[in-house]
1. Kindly rank 237-247, 48-58 from highest to lowest mean number of other beta carbons found within 10 Å of each residue.
2. Would you mind pulling out the separation of the Cα centroids of region 78-108 and region 1-33, in Å?
3. GNM on the chain, C-alpha springs below 10 Å: top fluctuator among 161, 112, 317?
4. Let's test this: bin the Cα-Cα distances of region 122-293 at 10 Å from zero up to the farthest pair and state each bin's percent.
5. Roughly how tilted is helix 42-64, in degrees to the nearest 10 and between 0 and 90, from the longest Cα axis of the chain?
6. Residue 168: net charge of surrounding residues, Cβ under 12 Å, Lys/Arg +1, Asp/Glu -1, itself excluded?
7. Can you sort 87, 139 by how many other beta carbons sit within 10 Å, fewest first?
8. Evaluate region 1-158: find the radius of gyration of its Cα atoms, find its Kirkwood radius, and give the ratio Rg to Rh.
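Derivation of every value follows stated rules applied to the coordinates shown; laboratory data play no part. From a predicted model like this one, the values you see are computed outputs, not experimental measurements. So basically every Cβ, Gly included, is an ideal-geometry build from the backbone, and we count neighbours across all protein chains shown.
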Amino acid sequence: MNIVAFETSCDETSVAVLRDGRLAANIISSQDFHTLYGGVVPELSSRAHIQRITPLLKAALEKAEISLNEIDIVAATAGPGLIGALMIGFTFAKGLALSLNKPFVPVNHVEGHIFSGFLMPDQPEFPFLCLVVSGGHTMFVLVESFVKMRLLGSTIDDAAGEAFDKVAKLLDLGYPGGPKIQQYSNRGNQEAIKFPIADVKGRYDVSYSGLKTAVLRFVQKAQSANSLTEELKCDIAAGFQATAVKTLTRKLEKAIKEFKPASLSLAGGVAANKKLRDSITSLGLQYHIPVRIPSFEYCGDNGAMIAFRAYSLVSSGEKFTLEYEAFPSFFSSYIAD
């Protein structure tokens, strides 16, 4: 089974090829020009996807050493994401499937992240507890099989990745914020400034709006006193990062105690954060549970996770039609409250 998959949900254009369940190509083109604007500009993102998608398909097929005629299934991210960006890869994939007379598989972007650990040699074991952390999503999901999942909780306001970006902007560190916050945190003292953790009543829900506000007020006070030095920025970044990570790990630890999963998994763009990776790994050691974290290549948006998710859906007997539509907001037939 040869699967070609497209990912264009935001600012990465990616095409991957999966051959009999094994990754044969994963080409990713990042839109670095968004740093000039301090965030992703949807219209510019869509235009870049249009320019890059055909060359990337050719490159992926060449790397996988297959031709268009050898493709058995075409897959693409259906959502959630920026609708303009989504539609580029989604409609391109639909057209390709129609022209080749091959099945088309629409993939939920979040589900792609959830199962990205299966791209690694050491794969998650069912049932596993997955923490999905990205610029748009923060979720705790109990995964029992490839088609049975339970959403335990999520953020009630801002996603973890968005909080990192906003705090980096407050400190004038640049975009994207995640790597910048980590860089400054490495030079700061996380004990110097204590920020509050929101006490959300939902069992596994989290909140980041209060943390962002606390950082904003601290920064404004420092600016008024002309004391916002580079050293203080490092301490603020370190204190924020420590609190942001603890917000997640204390809920994750609670879920470990209640559900006793066979393994833990961390997924999404923020999964590249070293502080978070180390904290999840420590939890696994503490409770004697194996931890599966994708390599950096599979943490951000990528076609490989879309290809594997399509493979797992088809292998589980799921079927789709070309009438399926793209969706910008979160939705899944398999993740239930």
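1. 237-247, 48-58
2. Their Cα centres are 13 Å away from one another.
3. Comparing 161, 112, 317 in a Gaussian network model of the chain, the most mobile one is 317.
4. Computed distribution, short to long bins: 10, 40, 32, 14, 4, 0.
5. The two axes meet at around 50 degrees.
6. +2
7. 87, 139
8. Details: Rg = 16.2 Å, Rh = 16.6 Å.
Here Rg/Rh amounts to 0.98.
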